[in-house]
Amino acid sequence: MTYEHILFSSEAGVARITLNRPDRLNSFNDAMHAEVRDALACVRGEPSSRVLLLTGAGRGFCAGQDLADRAVAPGAEAVDLGASIERNYKPLILALRSLPLPVVCAVNGVAAGAGANIALACDLVIAARSASFIQAFSRIGLIPDSGGTYFLPRLVGTARAMGLALLGDKLSAEQAAQWGLIWQCVEDAELVPAVEKLTAALAVAPTAGLAAAKRAIYASAGHGLEAQLDLERDLQRTLGYGADYREGVAAFTEKRPPRFTGR
Ligand code: T3D
């Protein structure tokens, strides 16, 4: 597939998707959804990719749905937003969450509407200090979608989730990090070097182990303690037969850096 609305590359274990409609703050239309879907399928099918970086081109990360596609003429039939979510946003969020490798989101600017929640669906979110998060839905009569009503209360608690959802105010990257909504806020000039350092480290990490940790942590939201302990047991059993565990223990005992293959 040739890409018009995203940039996609994979090098040295790092796959990169850059949302690339900067004049619309990288908001999503159907074509961009199709391209991201295709790129995510490539990452999933390519074992040499050991970490995925998602970011945006220009001054914004992503402003959610392209509202120009929703401006129907007076009297014309309304768009079925449920169908749009079923076709595009739900598969996107599930694909990011289930990808068996770490997904880093570099929030380079404003993340609004579904754009904010696509960022929150990623495993490690690093934002530039000038970036912000806006649950813009309430400004146009909608609810937080793309997992917003799931991620927000789990990450920041019901009171803050409610404030963000009902008021639609801009939350600074610094405040988002203080509240635990994201992993880190860095100075604007530090975003690229910090993300490069992080993705380079994750590209040589024991990928299967990280994927299992991701799976277990996300599964915990729907589990009691006993079910979670069972899952940990099963995942640990599988990892214990893996090459990276063997290599990790060997490297430790031989007092040398490990050479993980991701398996
Ligand atoms: O519809 C479905 O399928 C259901 C799913 C819905 C998911 C959703 O995401 S609904 C929420 C949609 N998003 C929004 O409501 C956010 C709309 N954008 C904004 O509120 C503001 O643009 C921002 C707060 C994000 C940034 O403000 P600011 O002042 O920094 O930039 P700006 O001037 O508003 O935007 C710059 C340009 O991007 C501008 O174009 P122009 O005037 O220079 O030609 C603006 O129209 C365009 N833009 C920004 N967001 C969108 C957009 N164009 C289309 N759709 C957008 N979402």
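The values are calculated or read from the model by the stated rules, or taken from the named source; none is laboratory data. All figures in this text were calculated on a predicted structure; none of them were measured in a lab. Virtual Cβ from ideal backbone geometry, glycine too; neighbours counted across all protein chains shown. Ligands, DNA and RNA are stripped out before the accessible areas are found, and what is left, the full protein with its side chains, is counted by its heavy atoms. Shrake-Rupley method; radii C 1.70, N 1.55, O 1.52, S 1.80 Å.
Comparing 182, 134, 143, which has the greatest mean-square fluctuation in the GNM of the chain with Cα pairs linked when under 10 Å apart?
Sorting by GNM fluctuation, first place goes to 143.
Quick one: what Rg and Dmax do you get for the stretch 53-176 from the alpha carbons, in Å?
14.5, 47
For the stretch 121-172, which semi-axes, largest first and in whole Å, follow from the square roots of 5 times the eigenvalues of its Cα gyration tensor?
17, 14, 11
Are there GluC sites (Glu not before Pro) in the stretch 198-263 that DSSP marks as loop and that have at most 16 other Cβ atoms within 10 Å, and which are they?
254
Once you have all Cα-Cα distances for the stretch 50-113, histogram them in 5 Å bins from zero and send the whole-percent values.
That works out to 4, 14, 17, 21, 18, 13, 7, 4, 2, 1, in percent per bin.
Taking amide H positions as placed 1.01 Å from N in the peptide plane, with prolines and chain starts having none, which residues 5 or more places from residue 6, or on another chain, fall under 5 Å of its amide H?
20
Please report the accessible area of residue 5 (heavy atoms, 1.4 Å probe, ligands and nucleic acids excluded) in Å², nearest 10.
30 Å²
Just reorder 244, 30 by solvent-accessible area, largest first, 1.4 Å probe, all chains present.
Putting 244, 30 in descending order of accessible area: 30, 244.
So for the stretch 31-113, taking the charge dipole from beta-carbon charges (+1 Lys/Arg, -1 Asp/Glu), which of 92, 64, 107 sits furthest toward the positive end?
Value computed over the given set: 107.
Would you mind telling me the antiparallel percentage of the DSSP bridges in the stretch 1-131, rounded to 5?
For the stretch 1-131, the DSSP antiparallel bridge percentage is about 25.
If you bin the C-alpha pair distances of the chain every 5 Å from 0, what whole percents do you get?
1, 6, 12, 16, 18, 17, 13, 9, 5, 2, 1, 0, 0, 0, 0
Starting from the Cα coordinates of the stretch 152-224, work out the convex hull volume and express it per residue in Å³.
So the per-residue Cα hull volume is 106 Å³.
Roughly speaking, to the nearest percent, how much of the stretch 43-185's 1.4 Å accessible area is carbon and sulfur?
Exposed carbon and sulfur together represent 58 percent of the surface.
May I ask what percent, to the nearest 5, of DSSP beta bridges between residues of the stretch 7-55 are antiparallel?
If we restrict to bridges inside the stretch 7-55, about 50 percent are antiparallel.
Could you tell me the largest-minus-smallest coordinate of the C-alpha atoms of the stretch 108-204 on each of the three principal axes, in descending order and whole angstroms?
The principal-axis extents, from largest down, are 42, 24, 20 Å.
Roll a 1.4 Å probe over the protein heavy atoms and report the accessible area of residue 245 in Å², nearest 10.
130 Å²
Taking the alpha-carbon distance from residue 197 and a cut-off under 26 Å, which lysines remain once sequence neighbours fewer than 8 residues away in the same chain are dropped?
By straight Cα distance, residue 197 reaches 214, 255.
Keeping all protein chains in place and using 1.4 angstrom, which order do 204, 125 fall into by accessible surface area, from largest down?
Solvent-accessible surface, decreasing: 204, 125.
So what's the stretch 1-54 giving for Cα Rg divided by 2.2 N^0.38 Å, two decimals?
Compared with the compact-globule rule of thumb, the stretch 1-54 sits at 1.11.
I want to verify a result. In a Gaussian network model of the chain, Cα cutoff 10 Å, which of these has the top mean-square fluctuation: 233, 37, 154?
233
Please report the antiparallel percentage of the DSSP beta bridges confined to the chain, to the nearest 5.
Expressed as a percentage, antiparallel bridges in the chain total about 30.
Using just the helices of the chain, give the 222 nm mean residue ellipticity in deg cm²/dmol: DSSP H runs with n ≥ 4 each add -39,500 (n - 2.57), and the total is spread over all residues, rounded to 500.
Estimated from H runs of four or more residues: -13000 deg cm²/dmol.
Accessible area of residue 170, 1.4 Å probe, to the nearest 10 Å²?
140 Å²
Classify the stretch 97-144 from the C-alpha gyration tensor, please: rounded if a/c falls under 1.5, else prolate or oblate depending on whether a/b exceeds b/c.
Judged from the Cα gyration tensor, the stretch 97-144 comes out oblate (a/c at least 1.5, b/c at or above a/b).
To the nearest 10 degrees, how steep is helix 30-45 against the longest Cα principal axis of the chain, on a 0 to 90 scale?
10 degrees
Out of 192, 208, 176, whose Cα points farthest toward the positive end of the dipole of the stretch 145-227 (charges: +1 Lys, Arg; -1 Asp, Glu; placed on Cβ)?
Of 192, 208, 176, it is 208.
For the stretch 1-99, what does the equivalent ellipsoid look like in terms of its semi-axes, each the square root of 5 times an eigenvalue of the Cα gyration tensor, given largest first in whole Å?
27, 16, 10
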